[in-house]
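The values are calculated or read from the model by the stated rules, or taken from the named source; none is laboratory data. This one's a predicted model, so the numbers in the text were calculated from it and none came from an experiment. Don't worry about glycine lacking a Cβ; one is built from the backbone with ideal geometry, like all the others, and counts go over all protein chains shown.
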Amino acid sequence: MSALIPVAELEQLMTLALEKSGATPAMARATARALATAELDGIPSHGASRVPQYCGHVKIGRANGAAIPVVARDSKAACLVDAKQGLAFEACTLGVVEAIRRAKAFGVSYVAVVNSNHFGAAAYHVEAIAAAGLVGLAFGNSPAAMPAWGGKRALFGTNPIAATFPRREAPPLVIDLSLSEVARGKIMVAARDNKPIPHGWALDKHGQPTTDAKAALDGSMLPAGGVKGAMLALTIELLACALSGAAFGFESDSFFVEEGKPTRIGQGFLAIDPGALAGREVFLERVETLVAAMLEDEGVRLPGDRRRANRAKALRDGIAVPPDLLAKIHALAGTAAA
């Protein structure tokens, strides 16, 4: 049975584990904060379960624990952030800060991140953009997991994308999805727990449909929406990598094994100031008109509502962490489990 842990305690424990593994304090804090937020939002596949993976990558040098991200190229409304092959979250935080600052100055901005790593739940990165009153998009590529349409070998990543739209006196709309039929992290959790996965999620290494999560991790994911999902994955691959110089998914080794090349994938952050276009009041009126129309149908749930409900409950009750995972994190942190 999973233990319930206060989020602050879990975040502190994950920070310590990352630092003990060789991450700088700033990198460890940024990473643990993102993972704790994923747990709060009910996304354990992008939460504490990633700690052993990240720590292993830092220990063996697949991720550079000493990296300090920098703005490597600067061009007014656009810039390139170099993550220096470190864990992604500190670099992505810098990217989001730059995107907000530049959008407020120029109306729109695009920040690309290169030499990066797994950036967790994409929605995490757009929260600050919405809080600044801006429309935001975040996306990134990942190691090869899906074939090009008509192909058999894994070529594109699952390539998540998130978007956020501020509202008038209400929480922002937050849309978050990966372009595979399901996030690869869910299959990772199923494999860890020795549970089957539904038909239609993945293929094995021979290109055959499978319900075996471990066979799926050795095979490839199926795109959401068939050819449309595959084309969107191609689009994100080019936006995240061709513009930044990052490694494509097929040039990267899996996140789910310790051994492999340093990860050099890419991310992108787009921020738009509604005031630079039709105007903030027009934008807010249009958003509320659409939301009202959506809610006329009983049963419609606005994107982001479930995350907020999960967050409120987890802040009150604590976060459930499987005992074996908690023991691993304690071991990495060099602390004794309660």
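Tell me the residue from Ala247, Ala240, Ala170 that is assigned to a loop (DSSP other than H, G, I, E, B) and within 30 Å of Cys79 (Cβ to Cβ), please.
Numbers: Ala240 fails: assigned to a loop (DSSP other than H, G, I, E, B); Ala170 fails: within 30 Å of Cys79 (Cβ to Cβ).
The unique qualifying residue is Ala247.
Please find, among Thr158, Thr164, the residue that is in a loop (DSSP other than H, G, I, E, B) and crowded, with 22+ Cβ neighbours inside 10 Å.
Numbers: Thr164 fails: in a loop (DSSP other than H, G, I, E, B).
Sole residue among the options that is in a loop (DSSP other than H, G, I, E, B) and crowded, with 22+ Cβ neighbours inside 10 Å: Thr158.
Within the stretch 290-306, restricting attention to residues that are small (Gly, Ala, Ser) and loosely packed, with under 12 Cβ neighbours inside 10 Å, which residue is modelled with the lowest pLDDT? Give the derivation first.
From the stretch 290-306, those small (Gly, Ala, Ser) are 292-293, 299, 304; that's our starting set.
Next, only the ones that are loosely packed, with under 12 Cβ neighbours inside 10 Å stay: 292-293, 299.
Working: Ala292: 98, Ala293: 98, Gly299: 93.
Looking at residues that are small (Gly, Ala, Ser) and loosely packed, with under 12 Cβ neighbours inside 10 Å, I get Gly299.
Is the stretch 279-289 home to any residue that is of a type outside the set (A, V, I, L, M, F, W, C), assigned by TED's automatic domain parsing to the domain that holds Lys104, at positive phi and modelled with pLDDT of 95 or more?
Within the stretch 279-289, the first condition is being of a type outside the set (A, V, I, L, M, F, W, C), and the residues that meet it are 279-281, 285-286, 288-289.
Then keep just the ones that are assigned by TED's automatic domain parsing to the domain that holds Lys104; that gives 279-281, 285-286, 288-289.
Then drop every residue that is not at positive phi, which leaves 279.
Restricting the remaining residues to those that are modelled with pLDDT of 95 or more gives 279.
Scanning the stretch 279-289, I find at least one residue that is of a type outside the set (A, V, I, L, M, F, W, C), assigned by TED's automatic domain parsing to the domain that holds Lys104, at positive phi and modelled with pLDDT of 95 or more, so the answer is yes.
For Gly260, all conditions in the list (1) touching a residue at least 24 places away in the same chain (Cβ under 8 Å); (2) under 20 Å from the mean Cα position of the chain (by Cα); (3) closer than 21 Å to Arg50 by Cβ hold save one; what is the number of the exception?
Only one criterion is unmet by Gly260, namely (2).
For (1) in contact (Cβ under 8 Å) with a residue 24 or more places away in the chain; (2) of a type in the set (Val, Ile, Thr), each residue gets a yes or a no:
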| position | (1), (2) |
| --- | --- |
| Ile175 | yes, yes |
| Ile187 | yes, yes |
| His206 | no, no |
| Leu222 | yes, no |
| Gly229 | yes, no |
| Thr235 | no, yes |
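For the stretch 307-338, which residues satisfy the criterion of being crowded, with 18+ Cβ neighbours inside 10 Å and of a type in the set (Val, Ile, Thr)?
Those that are crowded, with 18+ Cβ neighbours inside 10 Å and of a type in the set (Val, Ile, Thr): Ile319, Val321, Ile329.
I'd like to verify a number: residues in the stretch 1-39 that are at pLDDT below 95 and among the polar types (S, T, N, Q), how many?
Adding up the residues that qualify gives 1.
Can you tell me which residue is nearest to Met14 (Cα to Cα) among those in the stretch 68-90 that are small (Gly, Ala, Ser) and surrounded by fewer than 22 Cβ atoms within 10 Å (Cβ to Cβ)?
From the stretch 68-90, those small (Gly, Ala, Ser) are 72, 75, 77-78, 83, 86, 88; that's our starting set.
With surrounded by fewer than 22 Cβ atoms within 10 Å (Cβ to Cβ) added as a condition, the list becomes 72, 75, 77-78.
Working: Ala72: 29, Ser75: 36, Ala77: 35, Ala78: 33 Å.
Only one residue fits best here, namely Ala72.
Please work out which residue is surrounded by the fewest Cβ atoms within 10 Å (Cβ to Cβ), limiting yourself to the stretch 175-201 and to residues that are in a loop (DSSP other than H, G, I, E, B) and small (Gly, Ala, Ser).
Result: Gly200.
Quick one: which residue in Leu284, Leu217, Leu222, Leu234 is surrounded by 15 or more Cβ atoms within 10 Å (Cβ to Cβ) and either of a type in the set (Val, Ile, Thr) or farther than 16 Å from Ala154 by Cα (or both)?
Working: Leu217 fails: either of a type in the set (Val, Ile, Thr) or farther than 16 Å from Ala154 by Cα (or both); Leu222 fails: either of a type in the set (Val, Ile, Thr) or farther than 16 Å from Ala154 by Cα (or both); Leu234 fails: either of a type in the set (Val, Ile, Thr) or farther than 16 Å from Ala154 by Cα (or both).
Step by step, each of Leu284, Leu217, Leu222, Leu234 is checked, and only Leu284 is surrounded by 15 or more Cβ atoms within 10 Å (Cβ to Cβ) and either of a type in the set (Val, Ile, Thr) or farther than 16 Å from Ala154 by Cα (or both).
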